[in-house]
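K.L.:
Shown below is the structure under consideration.
The values are calculated or read from the model by the stated rules, or taken from the named source; none is laboratory data. In this text, all values refer to a predicted model and were calculated from it rather than measured experimentally. Cβ placement follows ideal geometry from the backbone for every residue including glycine, while neighbour counts extend to all protein chains displayed. Accessible surface is based on the protein model in full, side chains and every heavy atom, while ligands, DNA and RNA are left aside. Shrake-Rupley method; radii C 1.70, N 1.55, O 1.52, S 1.80 Å.
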Amino acid sequence: PQHAATMGEAPEPSSQASLAVLSKVELRVSCRHLLDRDTLNKSDPCVLLLMQSQGQWVEVDRSEVIKSNLNPVFAKIFTVDYYFEEVQKLRFEVYDSHGQAGVGTHDDDFLGGMECTVGQIVAQKRVTKPLFLKYGKFAGKSSITVISEEISGNNGYVELAFRAKKLDDKDLFSKSDPFLEIYRVDDDSSEQLVYRTEVVKNNLSPIWEPFKVSLNSLCSCEEKRKLRCVVWDYDSRGKHDFIGEFFTTFEEMQKAMGENKVQWECMNPKYKIKKRNYKNSGVVVLLDLKIHRVYSFLDYIMGGCQIHFTVAIDFTASNGDPRNSCSLHYINPYQPNEYLKALVAVGEICQDYDSDKKFSALGFGARIPPKYEVSHDFAINFNPDNDECEGIQGVVESYQSCLPKIQLYGPTNVAPIITKVARVAADEERTKEASQYFILLILTDGVVTDMADTREAIVRASYLPMSIIIVGVGNADFTDMQILDGDDGVLRSPRGEPVLRDIVQFVPFRDFKNVS
């Protein structure tokens, strides 16, 4: 999008911004005063993050193992989805790890656990709690601290490649084993560990592996925020030797784009005071920097992307004869039927994002004039060259005037309409403008006849700028729809190809028709 917010300038918050109910939260974990389980050296801690799902604790992710350290600061950043309206229980468990065998879940390796909710961490930004062993016993003075940050809209990420030259030698019989840590300095002068590189053994001019970090994590999306970078000589007993440090900003790092390199002198403040002709403890070079921007749906909308809205209405015989008051298509002069209620409910939200307020309205599963042949994608205004109606009201009027002219029939074939909208979306995709997104609202009373074709059509459509909302009207069995929604697992085509993204949302209208 041409007008999408540039780095560091967040888009102005508007009332629409609250639509993104789901946000992602980054959690950073550190511990103090862990129990020492190892006889010869200190514990090698690792943290497991578990979430409660249907009453069971399920491991979601785990940190790296930190060797010989009872006060570890973990480099791992845990990312969790945050649903404002749900109580999401979390459990952190700390274990003493044993090399290749991985993390033991034996009681003697368990260093303690802590439970809280995502909401508590988000609200307090920083939670410190004691660690408990089995049966509610305190794990000595052990505590765990979890710091949360919401990932803001412009969550691009950056790829960095560092090396160093001529570092000080800290080891007697071999060369230093250097690793680099980057800390973000926050407004309250506290420091957050952003990244810790791997250790390069026995090398005073190491080249570290390139790595990716989010801009949010690196500098809170502020280019001028201070960063402290520290080079250490790794020690297997956890007593790492300080080689030197330097300060920089993301703004300064960006000079390393293209062919350029940026370098900093790595300084040891003690040596600077003590040694008269001290120059530095080595040089750190940023070899390469690449910025990858990730745009949110809101960025596109704010960048002028329009939503084109198509509604497809099920006119199959299973709905019942529209002249009969039991029919789902019965036109009651006193109140709208379920098809109309569902259409208005979804249409009113979508129309805010469509400047011309014209909606394509299609029908399927009926015999239509003049020849009364079955059609699975006819314009309900009977104008095949222009199926658009003026606003939601225009769709309602076309629906009411078309009902007496058609004969409800079958089967319930949904694939032709999905394919029709997908063709238009594919044309839009070719322009590479990202100026239109397509939403297809399918209103149906239940069972789909052409399930295989529909699955195929959805998998194809998942590569295009479109989404499908299916609203189930009436009290039928909606098992097919649940399968298409794909929330219980990935929807696949009959040949087994998975959808590229989950583009179908199914809602049974009966669950919502009585809410405000």
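K.L.:
Within region 146-167, does at least one residue satisfy the condition of being among the acidic types (D, E) and without any contact (Cβ under 8 Å) to a residue 40 or more places away in the chain?
P.N.:
Start the filter on region 146-167 by keeping residues that are among the acidic types (D, E), which leaves 149-150, 159.
Now narrow it down to the ones that are without any contact (Cβ under 8 Å) to a residue 40 or more places away in the chain: none.
Checked against the condition, which is being among the acidic types (D, E) and without any contact (Cβ under 8 Å) to a residue 40 or more places away in the chain, region 146-167 yields no hits at all.
K.L.:
With the structure loaded, tell me whether E223 is open to solvent by 50 Å² or more (accessible area, probe 1.4 Å), on the phi < 0 side of the Ramachandran plot, among the acidic types (D, E) and touching a helix residue (DSSP H, G or I) at 6+ places or on another chain (Cβ under 6 Å) or whether it fails that test. Break it down into steps so the answer makes sense when it comes.
P.N.:
Working: open to solvent by 50 Å² or more (accessible area, probe 1.4 Å): yes; on the phi < 0 side of the Ramachandran plot: yes; among the acidic types (D, E): yes; touching a helix residue (DSSP H, G or I) at 6+ places or on another chain (Cβ under 6 Å): yes.
Against the criterion (open to solvent by 50 Å² or more (accessible area, probe 1.4 Å), on the phi < 0 side of the Ramachandran plot, among the acidic types (D, E) and touching a helix residue (DSSP H, G or I) at 6+ places or on another chain (Cβ under 6 Å)), E223 qualifies.
K.L.:
Also: Among the residues of region 279-295 satisfying the criterion of being within 12 Å of K165 (Cβ to Cβ) and in contact (Cβ under 8 Å) with a residue 40 or more places away in the chain, which is most open to solvent (accessible area, probe 1.4 Å)? First the steps, then the outcome.
P.N.:
Step one: list which residues in region 279-295 are within 12 Å of K165 (Cβ to Cβ), which gives 280-285, 287.
Subset that is in contact (Cβ under 8 Å) with a residue 40 or more places away in the chain: 281-285, 287.
Details: S281: 0, G282: 1, V283: 30, V284: 0, V285: 4, L287: 51 Å².
Checking each candidate, the answer is L287.
K.L.:
Report, ordered by the first and then the second residue, all pairs with beta carbons closer than 9 Å, sequence separation of six or more or different chains, a first member in region 382-396 that is assigned by the TED database to the domain that holds F359 and touching a residue at least 40 places away in the same chain (Cβ under 8 Å), and a second member that is open to solvent by 60 Å² or more (accessible area, probe 1.4 Å) and assigned to a helix (DSSP H, G or I).
P.N.:
I392/E348
K.L.:
Are there strands (runs of 3 or more DSSP E) fully within region 259-376 with at least 1 residues that are among the β-branched types (V, I, T)? List them. Write out each step before concluding.
P.N.:
Numbers: elements: 262-265, 283-292, 306-314, 358-364, 366-368, 373-375.
In region 259-376, 262-265, 283-292, 306-314, 366-368, 373-375 are the strands (runs of 3 or more DSSP E) which contain 1 or more residues that are among the β-branched types (V, I, T).
K.L.:
Can we say V194 is buried (at least 18 other Cβ atoms within 10 Å of the Cβ) and either touching a Lys or Arg at 6+ places or on another chain (Cβ under 6 Å) or part of a helix (DSSP H, G or I) (or both)?
P.N.:
Yes; evaluated as a whole, the condition is true for this residue.
K.L.:
Identify the single condition in (1) in contact with a helix residue (DSSP H, G or I) (Cβ under 9 Å, 6 or more places away or on another chain); (2) loosely packed, with under 15 Cβ neighbours inside 10 Å that R276 does not satisfy, given that it satisfies every other one.
P.N.:
(1)
K.L.:
Considering each of R163, R126 in turn, give the residue that is within 30 Å of the chain's Cα centre (by Cα) and either surrounded by 17 or more Cβ atoms within 10 Å (Cβ to Cβ) or modelled with pLDDT under 95 (or both). Lay out the reasoning, then the answer.
P.N.:
Values: R163 fails: within 30 Å of the chain's Cα centre (by Cα).
Matching residue, one of R163, R126: R126.
K.L.:
Also, I was wondering about something else. I need a count of the residues in region 433-477 that are assigned to a loop (DSSP other than H, G, I, E, B) and over 23 Å from A317 (Cβ atoms). Spell out how you get there, then give the answer.
P.N.:
Let us first name the residues in region 433-477 that are assigned to a loop (DSSP other than H, G, I, E, B), namely 433-435, 445-450, 462-465, 473-477.
Now drop any that are not over 23 Å from A317 (Cβ atoms), which leaves 433-435, 462-465.
Qualifying residue count for the region: 7.
K.L.:
Among (1) in contact with an Asp or Glu (Cβ under 7 Å, 6 or more places away or on another chain); (2) closer than 24 Å to P45 by Cβ; (3) assigned to a strand (DSSP E or B), which single condition is V213 missing?
P.N.:
Going through (1) in contact with an Asp or Glu (Cβ under 7 Å, 6 or more places away or on another chain); (2) closer than 24 Å to P45 by Cβ; (3) assigned to a strand (DSSP E or B) one by one, V213 breaks only (1).
K.L.:
Farther than 18 Å from I483 by Cβ and among the small types (G, A, S): does that describe S462?
P.N.:
Answer is no for this residue.
K.L.:
Within the set of pairs 6+ apart or on separate chains, which have a first residue in region 179-195 that is more than 18 Å from G282 (Cβ to Cβ), a second that is small (G, A, S), and C-beta atoms under 6 Å apart?
P.N.:
Listed by first residue and then by second, the contacts come to L193/A75; V194/S217.
K.L.:
Cβ-Cβ distance below 6 Å, separation of 6 or more or different chains: which pairs start in region 342-358 with a residue that is in the same structural domain as A312 (by the TED database) and end on one that is aromatic (F, W, Y) and part of a helix (DSSP H, G or I)?
P.N.:
Sorted first by the residue in region 342-358, then by its partner, the pairs are A342/F509.
K.L.:
Let me ask something else about it. Would you tally the residues in region 221-265 being within 22 Å of N202 (Cβ to Cβ) and among the aliphatic types (A, V, I, L, M)?
P.N.:
3
K.L.:
So, one more: Looking at (1) in the same structural domain as H33 (by the TED database); (2) under 30 Å from G303 (Cβ atoms); (3) not basic (K, R), find the lone condition where A139 falls short.
P.N.:
Tallying (1) in the same structural domain as H33 (by the TED database); (2) under 30 Å from G303 (Cβ atoms); (3) not basic (K, R), A139 fails exactly one: (2).
K.L.:
Given I313, I349, which one is modelled with pLDDT under 85 and either within 38 Å of the chain's Cα centre (by Cα) or open to solvent by less than 10 Å² (accessible area, probe 1.4 Å) (or both)? Spell out how you get there, then give the answer.
P.N.:
Details: I313 fails: modelled with pLDDT under 85.
Exactly one residue qualifies, and that residue is I349.
K.L.:
Which residue, of P322, P269, is open to solvent by 20 Å² or more (accessible area, probe 1.4 Å) and closer than 30 Å to V374 by Cα? Spell out the reasoning first.
P.N.:
Working: P269 fails: closer than 30 Å to V374 by Cα.
So the residue among P322, P269 that is open to solvent by 20 Å² or more (accessible area, probe 1.4 Å) and closer than 30 Å to V374 by Cα is P322.
K.L.:
I'd like to know if region 400-423 contains one or more residues that are more than 24 Å from A342 (Cβ to Cβ) and either at pLDDT 95 or above or touching a strand residue (DSSP E or B) at 6+ places or on another chain (Cβ under 8 Å) (or both). Spell out the reasoning first.
P.N.:
Residues of region 400-423 that are more than 24 Å from A342 (Cβ to Cβ), as a first pass: 423.
After this cut, where a residue has to be either at pLDDT 95 or above or touching a strand residue (DSSP E or B) at 6+ places or on another chain (Cβ under 8 Å) (or both) as well, the list is 423.
Within region 400-423, one or more residues are more than 24 Å from A342 (Cβ to Cβ) and either at pLDDT 95 or above or touching a strand residue (DSSP E or B) at 6+ places or on another chain (Cβ under 8 Å) (or both).
K.L.:
Let me ask another. Condition first: under 11 Å from M466 (Cβ atoms), touching a helix residue (DSSP H, G or I) at 6+ places or on another chain (Cβ under 7 Å) and open to solvent by 60 Å² or more (accessible area, probe 1.4 Å). Now tell me which residues in region 420-451 satisfy that.
P.N.:
The answer is Q436, and nothing else.
K.L.:
Moving on to the next point. Over 19 Å from K290 (Cα atoms), hydroxyl-bearing (S, T, Y) and open to solvent by 20 Å² or more (accessible area, probe 1.4 Å): does that describe S214? Please lay out each step first, then the result.
P.N.:
Details: over 19 Å from K290 (Cα atoms): no; hydroxyl-bearing (S, T, Y): yes; open to solvent by 20 Å² or more (accessible area, probe 1.4 Å): yes.
The answer is no for S214.
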